[in-house]
Structure formats: structure tokens, C-alpha cells
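These notes are about the structure you will find just below.
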Amino acid sequence: MKFLEYTPLARINAFLSHVDVGGCMIQGGLEAYSCKLAGVDKKLSRSLEQEVVDSLAYLPFDLSTSPVGSLSSTASRRTLIYLILTLNHMYPDYDFSMLRPQHFIKEHGVFAAKQKIDVSLVEASKIWFTEVGEETTLMDSIWNAIDEVMTLEDCEVYSYSPDAEGDPFADTGSMLADRLLCS
């Protein structure tokens, strides 16, 4: 996977990197990656694929209930691998290769995902209006920039839902409110 630089995302990221909303600090960002695998990603992808295929023989649960779909399907396994690789790129100090489908939640469509994010950033939106002073709202800026990078309506949206003991951010006091990943 390769990080893709987009100017509209950079402008929003500059704002989201340090928003003080009174009781807490928002540190967020938007990133885009290509899905073309090369080098280390290709090697990890093959390894993860093999682990999932090997585990199919002894998994006790119904494979069709996985949030990414049936793991017997190549497309579902690829979705899981892309989600893991994306997190590895976003947070290079952590290794997410042990994640499994149950660490992700498939959102009920793009609209539901947008609503979650919109609610989470209500206070930041007010600050955007006063600091940036644009006529375009923060949320419109975010969704327009994302839609410029990829067509949201064509996406499946997943949230990362870590186990409490496996969450690399738990000891920092961070709250992973919305880690939405599109495939």
C-alpha cells in the first residue's frame, strides 16, 4: 500500500491535528492509501492469507457471520487484510497483524458512518467556523474531500473495535471513537 497525498485532506488534517474542545484534545486525520501491494505489504498479505486459510479447518464459528463476510471467500479475506494493512500504515509503531474479523464492525452504510463522525465532531465544527472562517462547514469539507479521493457511496465502511487488552491506545488515555476504514 502506498500513502496518497491529497491537498484537500492535508488542509483538514492541519486543523484536526490539534483541536482543543475544552475538556479534551482532538488529534485526528484523514489518510488515503492505494490498495496495490508491494514489498513488505505483499509478504504480510500472503502470510495473513495463509493464516486465515489454515484456520478455516478448525474455526468453531459460522464463517458467514464474520463482519467482513465469509472467510471462505477470497474477497472477504482480502477485505480483512486491507483493513489490517491500513491500520499498520496509519500507526507504524504498532503491529495489527494479529487482528481478526471480530475486531471490526461493518457499518450500516455510509450515511450511518457519516452520522457517527458528524456527532463526534460537533464541537470541532464550531471551532472550524471561528478559526478557519470558511463558508463551508467542517463536515462538508471533510465529506467533500473524502468523496474527491474516493466515491463514498461505492464503499463498505468498517470501524475498528479493539479488545480492551489488545488496544494499543488504551494506556495513553486515548479514545478511539471513530476509526472508519473504507474498502
Task: Per residue accessible area in Å² of region 2-182, where ligands, DNA and RNA are left out and the probe is 1.4 Å - done: 59
Open item on the list: I'd like the FRET efficiency for ARG100 and GLU31, computed as 1/(1 + (r/R0)^6) with the beta carbon distance as r and R0 of 22 Å, rounded to 0.05.
Closed with: 0.45
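Within the chain, what is the longest stretch that has no chymotrypsin sites (Phe, Trp or Tyr not before Pro) placed in a DSSP loop and near at most 12 other beta-carbon atoms within 10 Å? Numbers along the way, then the final one.
Details: sites that count: TYR58, PHE61, TYR94.
Counting at most 12 other Cβ atoms within 10 Å as exposed, the longest clean stretch of the chain is 95-183.
Once you've got the Cα coordinates, tell me which of LYS42/LYS114; LYS36/LYS114; LYS36/LYS106; LYS42/LYS106; LYS43/LYS116; LYS2/LYS126 are over 28 Å apart.
LYS42/LYS114; LYS43/LYS116; LYS2/LYS126
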Task: Kirkwood Rh and Cα Rg combined as Rg/Rh, the chain - done: 0.98
Open item on the list: Please list, by residue number, every one of the trypsin sites (Lys or Arg not before Pro) in region 1-109 that is coil in DSSP and has at most 11 other beta-carbon atoms within 10 Å.
Closed with: LYS36
Task: Of all accessible heavy-atom area on region 41-143, the percent that carbon and sulfur account for (1.4 Å) - done: 56
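The values are calculated or read from the model by the stated rules, or taken from the named source; none is laboratory data. Note that the coordinates shown come from a computational prediction; the quantities given were computed from them, not determined experimentally. Because the Cβ atoms are built from the backbone with ideal geometry, glycine has one as well, and the counts that use them run over all protein chains shown. Remember, those area values only see protein heavy atoms, side chains included, never the ligands or the DNA or RNA. Shrake-Rupley method; radii C 1.70, N 1.55, O 1.52, S 1.80 Å.
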